[in-house]
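What follows is calculated from the coordinates using simple rules that are stated; it is not laboratory data. Here the structure is a predicted model, which means the values were calculated and not measured. Counting neighbours? That spans all protein chains shown, and the Cβs are built from the backbone with ideal geometry, glycine included.
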Amino acid sequence: MSEKILVVEDEPALQETIAYNLKKQGYEVEIVGDGHAALEAARKLTPDLLLLDIMLPGLDGFEITRILRRGMNIPIIMLTARDDEIDRVVGLEMGADDYLTKPFSMRELMARVKAQLRRSRLHKEELQEHIKEASPQEALIFNNLIINTTRHEVTLNKEVLILKPKEYELLLFFAEHRGQMLSRELILERVWGWDYVGDSRTVDVHIRWLRKKIEADPSKPERLITVRGGGYRFEG
Ligand code: CA
């Protein structure tokens with residue numbers, strides 16, 4: 001299967017040139033021209049690589065990187081136009097894996113793309129090894145989110161999340177009941193216990209905290225879903 005590359009660039013001529021050259025190398029290419037479409041496409045297509053222009057309509061490349069980095073591990077090559085943009089890419093550790101300054105040659109771009117994809121393949125293989133090492137009883141695996149029940153440790157994209165004890169228990173309770181609607185009352189009873197003096201808002205607050213840690217975009221949760229009038233459902 002050929003690797004999928006999402007190109008986020010608002011300049012039609014450059015879009016075309018980049019797409020043409022990538023396709024010629026055998027990559028599958030998707031192009032979007034603004035920031036919001038970029039986020040949507042990145043989530044929907046789960047591409048193998050993102051080529052990301054910085055100055056874009058909607059959200060800029062920095063904002064997109066910041067949001068995507070919370071939940072996705074996709075390699076990002078930024079396309080910068082100005083020196084001060086490079087400073088930000090390099091200096092602020094925005095989470096981009098590489099950058100190219102416009103104007104760049106297609107040959108250079110192809111080399112960088114190839115290098116990033118190679119790196120990312122190695123990383124995925126390592127991740128597979130990591131998953132294999134944890135036996136099924138020890139780990140609950142939800143794509144890039146792994147709950148190690150022996151070590152009471154949760155990792156997202158291989159990075160350990162700092163969870164409060166109740167956040168961990170809550171997440172584990174959800175993980176063990178994936179796909180089921182769980183009411184606030186049930187959650188309160190099972191995670192906090194019968195004798196807990198408090199109300200169901202405690203659950204909402206903890207859900208909010210948990211979403212900040214495990215969701216790519218906490219304002220549009222895809223893992224911990226609110227069920228209207230009911231409670232919450234964990235999608236995995
Ligand atoms: Ca632009």
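Observations
- For the chain, the longest site-free run once GluC sites (Glu not before Pro) in DSSP loop states with at most 15 other Cβ atoms within 10 Å are removed: 1-92
- Kirkwood Rh and Cα Rg combined as Rg over Rh, evaluated for the chain: 1.04
- Extended-chain gain in nm, criterion 0.36 nm per residue less alpha-carbon gap, Leu122 and Lys4: 40.8 nm
- Segment Glu30-Glu235, length gained on full extension (0.36 nm per residue, minus Cα span): 71.1 nm
- Net lengthening on full extension, Lys23/Ala37 (0.36 nm per residue, minus Cα-Cα): 2.9 nm
- With a Förster radius of 22 Å applied to the beta-carbon distance between Phe104 and Glu159, the computed FRET efficiency rounds to 0.10.
- Taking 26 Å as the straight-line reach from the Cα of Lys164, the lysines in range (excluding those fewer than 8 positions away in the same chain) are Lys212, Lys213, Lys220.
- About the centre of its Cα atoms, the chain shows a dipole size close to 460 debye [charges on the beta carbon of Lys, Arg (+1) and Asp, Glu (-1) only; nearest 20 debye].
- Separation of segment 161-218 from segment 38-75 is 29 Å, based on Cα centroids.
- Only helices enter the 222 nm calculation for the chain: every DSSP H run of n ≥ 4 contributes -39,500 (n - 2.57), and dividing by all residues gives -13500 deg cm²/dmol, rounded to 500.
- Under the span-like rule (Cα at least 27 Å along the axis, Kyte-Doolittle mean at least 0.0), DSSP H helices of the chain: none
- Working from label points 7 Å from Cα in the Cα-to-Cβ sense, the Thr150 to Glu63 distance is 4.5 nm.
- For segment 148-236, applying the loop criterion from DSSP together with a ceiling of 10 other beta carbons within 10 Å to the chymotrypsin sites (Phe, Trp or Tyr not before Pro) yields Trp194.
- Between Met181 and Asp83, the modelled label-to-label distance comes to 6.0 nm, taking each label 7 Å out from Cα in the direction of the beta carbon.
- Evaluating 6.51 cos²θ - 1.76 cosθ + 1.60 at θ = phi - 60° for every residue in segment 231-236, the Karplus couplings come out as x, 9, 9, 9, 8, x Hz, glycine and proline recorded as x.
- Fewest-first ranking of His206, His36, using other Cβ atoms within 10 Å as the exposure measure: His36, His206
- Cut-off of 10 Å, at most 15 other beta carbons, DSSP loop: longest stretch of the chain lacking such trypsin sites (Lys or Arg not before Pro): 1-81
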